[in-house]
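Here is the structure we will look at, set down as structure tokens.
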Amino acid sequence: MKKFTLSRIVFGAIVLLILAFSILPVLVIIPVSFSDTRFMTFPPPAYSLRWYSAFINNPAWVAAGKTSLIVSVLTVLIATPLGVAASYAIDQSNHWSKRYIRMMLMLPLMVPIIIVAVGVFFVYAYTGLLASITGLVLANIMLGLPYVVTSVTAGLQNFDKAQEMVARSLGMNRFRSFMIVTLPQIKASVISAAIFAFIQALDETVVALFISGGQYQTLTKRMFTALRDEIDPTIAAISTLLTAASCVLILLMVFSRKAAKSA
Amino acid sequence: MKTVAADLSSTTPMKTVSADPAVAHQWREQRLMLLLASPAILVIVVLLVMPLSWLFWQSIYADGFTFEHYRRILTEDIYRTTFFLTFRISVVVTLLALALGYPVAYAAAALPRRWSMMVLAMVILPFWTSVLVRAYAWLILLQHNGLVNKLLLWLGLIDSPLPLVHNELGTIIATVHILLPFMVLPLYSAMQKIPADLTLAGASLGGSPLHVFLRVFLPLSLNGVLAGVTLVFVLCLGFYITPELMGGGRTIMVSMVVSRNVELYNQWGAGSAVSVVLLICVFAIFYIVGRVIPLERILGTK
């Protein structure tokens with residue numbers, strides 16, 4: 001019995017070490033972002049907000065942040081309804097093509113991102129969408145659709161379709177019955193879908209490297225170039241802000257699911 | 001012969017006689033569903049399916065059909081070493097991720113719910129932070145006078161700082177970290193379904209903990225292992241950002257060859273051929289694994 005508990009302690013210690021490996025690298029950037037020096041020393045010798053003000057006072061970084069934010073918001077506004085409509089169609093249909101359509105909507109997750117980027121770059125080079133907001137939004141809609149479809153399809157599977165049928169048999173048309181009966185009940189999955197699509201668009205880097213440029217560079221593209229060329233703690237400040245944004249969004253998602261469950 | 005004719009006569013009226021209201025309804029329904037799905041499908045076709053077919057075409061056609069690009073991939077050393085290196089890194093990363101992910105998933109599945117949520121949160125938080133942020137964090141930690149080297153020096157394990165970054169090792173460490181959640185989540189979802197009674201039953205029948213684990217728990221978790229291994233391996237094959245930032249220009253993976261051919265050298269044919277080979281590898285893996293476990297289960301975690 002004693003040996004058993006000893007092995008348990010060893011196992012617990014190993015798991016803790018692995019969890020430290022998982023979480024510490026994300027946390028380590030926070031103190032660096034408040035560092036007072038140019039160099040990436042850890043722990044920093046003194047603390048200041050100097051890299052946050054460097055970010056805010058640099059027009060190029062601010063412009064990139066704005067581009068990323070605009071692109072992400074527009075992506076969510078378009079990708080969510082498109083994905084919800086497609087998920088609804090997949091859920092309702094019993095046609096043989098359903099499987100293939102679903103598979104096709106998952107395709108952006110299966111194709112290596114670098115190949116997606118080269119393909120989109122090619123299409124945009126011909127249609128003149130390179131270095132434009134429209135181009136970035138369209139590409140992010142494509143990349144976000146699998147997340148929206150996965151989340152909303154799961155929501156629809158847990159929803160009792162008979163309720164919508166009842167609404168329709170009582171004289172509501174299909175669109176209204178969806179909006180009034182179905183949508184409120186799959187709300188949590190739609191909100192998750194929107195948040196997934198938003199984080200996806202905010203974090204997307206590889207496609208943006210190829211297609212964004214000129215006055216419309218995304219934050220991630222600028223970060224990538226900065227990381228490759230010269231590293232200064234401004235990136236730590238931006239990283240901390242991005243991580244904080246992700247955390248807030250995920251908490252939002254968890255709460256919306258909890259609220260949906262208790263309602 | 002007769003049966004075929006009978007079959008034909010029974011199926012053809014479906015389309016022509018739409019007077020049957022049930023059939024007409026079915027048709028309307030299907031048209032509506034197609035219409036609803038079409039905007040999403042259109043985006044994917046225009047931005048992904050079309051360019052992929054074009055890449056394929058470009059890889060075999062340049063003023064006439066040519067397999068020159070494929071011949072070069074098979075014969076030239078640069079391509080061969082790149083593919084070999086990519087597969088080697090992917091295998092190492094997948095094994096490491098499995099070795100690190102399995103105990104964590106096991107702990108998450110075995111612990112009471114509150115604690116298991118904590119464990120999962122610690123795995124998922126990095127999952128939702130940008131890949132760039134994590135690559136940057138590893139650059140800080142692994143650099144010449146970074147935290148890891150300082151720690152190793154302090155412990156007296158090394159005499160001078162190790163070159164941990166801007167090489168293959170740095171790429172592997174950061175990639176394992178980035179792909180770890182893709183291993184843990186499918187493992188956890190498979191392990192969670194294994195009833196605790198089974199392990200108890202094994203123990204009550206006299207099996208030692210190790211024996212019970214090897215004969216009962218491990219085989220039941222293999223579905224999750226397969227899903228996790230596939231996902232991590234495939235993602236690693238196409239990894240771009242991390243090797244580019246952590247590899248220091250010496251660890252050239254397949255995705256970097258694609259990007260360089262297109263961006264730097266404007267060699268669309270060569271870039272396309274490499275893409276097609278990479279794509280075929282990825283789809284072959286998905287296809288083979290898809291025969292054992294449904295593809296949606298694998299992609300669900302991503």
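When we screen A:S177, A:S212, A:S169 for residues that are more than 9 Å from every other protein chain (Cβ to nearest Cβ), within 22 Å of the chain's Cα centre (by Cα) and not hydrophobic (A, V, I, L, M, F, W, C), the only hit is A:S212.
Taking the criterion of being of a type in the set (V, I, T) and at pLDDT below 85, the only residue of segment A:217-234 that qualifies is A:I231.
Kindly indicate whether A:S151 is away from chain B (no Cβ under 12 Å), closer than 26 Å to A:G83 by Cα, assigned to a helix (DSSP H, G or I) and under 21 Å from the mean Cα position of the chain (by Cα). Here the answer is no, as A:S151 does not meet what is asked. Within the option set B:V43, B:V49, being over 21 Å from B:S255 (Cβ atoms), at pLDDT 90 or above and within 14 Å of another protein chain (Cβ to nearest Cβ) holds for one residue only, B:V43. Test B:T171 against the criterion of being among the hydroxyl-bearing types (S, T, Y), touching a helix residue (DSSP H, G or I) at 6+ places or on another chain (Cβ under 6 Å), within 13 Å of chain A (Cβ to nearest Cβ) and surrounded by 15 or more Cβ atoms within 10 Å (Cβ to Cβ), and give yes or no. So B:T171 fails the test. Within segment B:97-131, the set of residues being within 10 Å of chain A (Cβ to nearest Cβ), aromatic (F, W, Y) and part of a helix (DSSP H, G or I) comprises B:Y102, B:Y106, B:F127. Taking the listed residues B:T66, B:T82, B:T94, the one that is of a type in the set (S, T, Y) and either at pLDDT 95 or above or within 30 Å of A:V152 (Cα to Cα) (or both) is B:T94, with no other qualifying.
For segment A:98-126, the set of residues classified as within 13 Å of B:I41 (Cβ to Cβ), of a type outside the set (D, E, K, R), touching a helix residue (DSSP H, G or I) at 6+ places or on another chain (Cβ under 8 Å) and more than 7 Å from chain B (Cβ to nearest Cβ) consists of A:M103 only. Is segment B:81-96 home to any residue that is in contact with a helix residue (DSSP H, G or I) (Cβ under 9 Å, 6 or more places away or on another chain), more than 8 Å from every other protein chain (Cβ to nearest Cβ), outside any helix (DSSP H, G or I) and surrounded by fewer than 18 Cβ atoms within 10 Å (Cβ to Cβ)? There is no residue in segment B:81-96 that is in contact with a helix residue (DSSP H, G or I) (Cβ under 9 Å, 6 or more places away or on another chain), more than 8 Å from every other protein chain (Cβ to nearest Cβ), outside any helix (DSSP H, G or I) and surrounded by fewer than 18 Cβ atoms within 10 Å (Cβ to Cβ).
Looking only at segment A:46-64, decide whether some residue is buried (at least 18 other Cβ atoms within 10 Å of the Cβ), of a type in the set (G, A, S), closer than 15 Å to A:S239 by Cβ and under 20 Å from the mean Cα position of the chain (by Cα). The answer is yes; a qualifying residue exists. For first residues located in segment B:273-296 and within 11 Å of chain A (Cβ to nearest Cβ), partners that are among the charged types (D, E, K, R) and lie 6+ apart or on another chain with Cβ distances below 8 Å form the pairs B:E296/A:R102. Across segment A:220-263, the qualifying residues are those that are within 9 Å of another protein chain (Cβ to nearest Cβ) and touching a residue at least 60 places away in the same chain (Cβ under 8 Å), and the one among them that is nearest to B:M117 (Cα to Cα) is A:T243.
Of the residues examined, B:T251 is one that is under 29 Å from B:P163 (Cβ atoms), more than 9 Å from every other protein chain (Cβ to nearest Cβ) and surrounded by fewer than 23 Cβ atoms within 10 Å (Cβ to Cβ). Restricting segment A:65-75 to residues that are of a type in the set (A, V, I, L, M) and surrounded by fewer than 24 Cβ atoms within 10 Å (Cβ to Cβ) leaves a set whose member that is nearest to B:E29 (Cα to Cα) is A:L74. Here A:N57 meets the list (1) touching a Lys or Arg at 6+ places or on another chain (Cβ under 9 Å); (2) among the polar types (S, T, N, Q); (3) more than 9 Å from chain B (Cβ to nearest Cβ) almost entirely, failing just condition (1).
The values are calculated or read from the model by the stated rules, or taken from the named source; none is laboratory data. Model, not experiment: these values are computed from the prediction. Backbone-built Cβ (ideal geometry, glycine too); neighbour counts: all protein chains shown.
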